[in-house]
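Inspection log for the structure reproduced underneath, given as structure tokens.
The values are calculated or read from the model by the stated rules, or taken from the named source; none is laboratory data. Just so you know, these numbers come straight off a predicted model, no measurement behind them. Positions of Cβ are backbone-derived with ideal geometry, glycine not excepted, and every protein chain shown enters the neighbour counts. The accessibility values were calculated without ligands, DNA or RNA, using every heavy atom of the protein model including side chains. Shrake-Rupley method; radii C 1.70, N 1.55, O 1.52, S 1.80 Å.
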Amino acid sequence: MEQAKKVLKETKIFLKWVLIALLLGVVGGLVGSAFHILVDIATETRENNDFLIWLLPLGGLAIVFLYRFAHATKGVDTNRVIEAVDADNKSIPFVMAPLIFVSTVLTHLFGGSAGREGAALQIGGSIGYKIGKLLRLDKRDMHTIVMTGMSALFAALFGTPVAATFFAIEVVSVGVMHYAGLVPCIVSAFMSSFIAKAFGLHPVRFEGIAIPDVNIKFMGKALVLAVLCALLSVVFCVSLEKCEHLFKKVFKNPYVRIFVGGCVIVALTMLLGTHDYNGAGMNVIERALSGSARWEAFVLKLLFTVITVSAGFKGGEIVPTFFIGSTFGCVVAPLIGLDPSFGAALGFIALFCSVVNSPVASVILAVEVFGGEGILFFAAVCCISYMTSGYSGLYHSQRIVYSKYSEKYINIHTR
């Protein structure tokens with residue numbers, strides 16, 4: 001009898017989370033699809049109207065105004081979402097969702113160098129938290145529903161539901177996976193990606209990568225590239241931290257800060273005579289994965305992204321990370337005897353893994369984006385880049401629970 005009661009109780013919990021996840025998947029799929037479409041429209045509009053780049057400083061002023069008008073000037077970012085999963089006393093204001101939605105579209109419309117995953121995590125976490133409050137979930141369940149919302153929006157934007165699932169449960173606490181979120185995250189991710197497909201949104205997929213035979217020679221070269229990507233990730237993360245600190249120190253007023261940052265991006269764009277480094281840069285990523293990239297592309301994209309984010313523009317750093325990693329890998333690969341397109345794919349995944357400290361999600365992302373043929377290479381570079389990138393990371397609220405180098409509990413935040 002006791003065993004039957006236990007099974008019944010567990011079944012009720014399972015069904016509860018499936019229903020909640022389906023709800024979040026539908027909401028996340030609809031909101032994520034709308035966001036995806038608007039960002040695409042903003043990008044296409046900017047590409048067809050070069051003069052819009054001149055309005056970037058004014059777009060920045062609008063973003064600051066929106067956040068100050070909503071009284072959301074401190075701690076309303078992706079770190080807040082991660083903290084809400086990791087701590088009982090952290091809430092997520094619902095205003096975060098519309099704010100990051102609109103401000104990210106503005107950033108892409110006027111040519112700021114940013115991605116969209118930061119918006120996905122913030123929108124998803126905010127929606128999940130709000131629904132959790134409406135359903136009167138307890139503190140522990142609130143952690144799970146925030147992860148469920150994160151995975152739903154991530155899957156809707158990128159079309160990688162399995163990677164979205166493992167990213168949501170892995171990114172918060174490095175060394176500890178939140179397996180309680182496994183079922184709700186996978187259900188919401190698949191539902192939202194299904195809805196995104198229904199709207200005609202295609203998942204991120206790249207084909208035609210020349211995968212070499214698995215042998216010691218090629219594997220050794222791939223691991224060299226992984227170490228170089230890990231070092232580059234440290235440069236990227238440290239640059240973001242230092243530049244943001246410098247901007248805030250020199251320009252204490254957020255209006256002045258974002259206006260100056262916008263002006264710098266405009267000046268750099270005019271100086272270079274290209275718009276390759278504005279927006280997300282998916283066209284450049286596609287070229288790199290086809291085997292063509294300029295040697296300076298990864299440096300310039302890093303510079304553009306650091307200035308954009310540090311000045312206060314919104315969006316995220318993951319798609320720029322894909323840009324930096326793929327162009328870096330494409331350029332370096334021939335120097336160490338690898339095919340440029342294969343090097344670009346390795347750099348794409350290795351740099352992502354290094355900056356988010358999520359090796360399992362990174363391997364799954366590689367399979368969903370590039371196919372399973374090169375899984376041994378992708379798994380190896382993820383493991384190596386994860387270990388050799390130290391304790392740096394994009395999200396300062398992310399906790400390193402266990403050491404990367406030994407079975408040791410350290411419980412520190414990334415830096």
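With the gyration tensor restricted to C-alpha atoms of the range 55-132, the semi-axes of the equivalent ellipsoid amount to 24, 13, 10 Å, longest first.
Heavy atoms of the protein chains alone define the surface here; on that basis the range 17-153 has 40 Å² accessible area per residue at 1.4 Å probe size. Once R0 is set to 30 Å, what does the formula 1/(1 + (r/R0)^6) return for the Cβ-Cβ distance between MET219 and PHE14, expressed as a FRET efficiency to the nearest 0.05? Efficiency for this residue pair is about 0.15. Only one residue of SER292, GLY281, VAL264 has its Cα farthest out toward the positive end of the dipole of the range 251-301, where Lys and Arg carry +1 and Asp and Glu -1 on Cβ, and that residue is VAL264. Extending 7 Å from Cα along the Cβ direction at THR73 and again at LYS249 yields two label points whose distance is 2.2 nm. Peptides 15-25, 298-308, ordered by how many other C-beta atoms sit within 10 Å of their residues on average, highest first, read 298-308, 15-25. Projecting the Cα atoms of THR165, PHE101, PHE206 onto the charge dipole of the range 99-222 (Cβ charges, centred on the Cα centre) puts PHE101 farthest toward the positive pole. Separation of the range 125-141 and the range 328-402, taken as the distance between their Cα centroids, equals 33 angstrom. Considering the zone a paramagnetic label at ASP86 would reach in this model (a point 7 Å from Cα along the Cα-to-Cβ line), which residues of the range 381-396 have amide N under 14 Å from it? Answer for the range 381-396: 391-396. Going by accessible surface with a 1.4 Å probe and the largest first, LYS130, LYS9 read LYS9, LYS130. Among the listed pairs LYS139/LYS404; LYS242/LYS301; LYS130/LYS242, those whose Cα-Cα separation exceeds 22 Å are LYS139/LYS404; LYS130/LYS242. Measuring only protein heavy atoms, the 1.4 Å probe finds VAL204 accessible over about 20 Å². In the elastic network of the chain, a GNM with C-alpha springs shorter than 10 Å, the most mobile of GLY118, GLY347, GLY374 is GLY374.
Among SER239, SER341, SER326, the residue with the largest mean-square fluctuation in a Gaussian network model of the chain, with springs joining Cα atoms closer than 10 Å, is SER239.
Here the accessible area is traced with a 1.4 Å probe on the protein chains. For the range 55-182, carbon and sulfur cover 61 percent of it. Any chance you could tell me what percent of the C-alpha pair distances in the range 240-301 go past 18 Å? Considering the range 240-301, 49 percent of its Cα-Cα pairs are separated by more than 18 Å. Taking amide H positions as modeled 1.01 Å from N, with prolines and chain starts lacking one, the residues under 5 Å from ILE400 and 5 or more places away or on another chain are VAL174, ILE412, HIS413, THR414. Among the protein heavy atoms of the range 288-329, carbon and sulfur supply 62% of the accessible surface, probe 1.4 Å, non-protein parts ignored.
Between GLU373 and VAL235, the contour length at 0.36 nm per residue exceeds the alpha carbon distance by 46.6 nm. Per-residue 3J(HN,Hα) values for the range 87-98, derived from phi via the Karplus relation 6.51 cos²θ - 1.76 cosθ + 1.60 with θ = phi - 60°, read 9, 6, 9, 10, 10, 10, x, 5, 4, 4, 4, x Hz in sequence order (x marks Gly and Pro). With q set to 0.16, 0.18, 0.26, 0.27 Å⁻¹, the log10 of I(q)/I(0) for the range 347-415, from the Debye formula over equal scatterers at the Cα positions, is -0.53, -0.65, -1.09, -1.14.
Accessible surface for ASP276 stands near 40 Å², nearest 10, in the context of the full protein assembly shown (1.4 Å probe). Tell me what the chain gives for mean residue ellipticity at 222 nm when only DSSP H runs of n ≥ 4 count, each as -39,500 (n - 2.57), the sum divided by the residue total, rounded to 500 deg cm²/dmol. Helices in the chain give a 222 nm mean residue ellipticity of -23000 deg cm²/dmol. Estimated at the nearest 10 Å², the accessible area of LEU376 is 110 Å² with a 1.4 Å probe.
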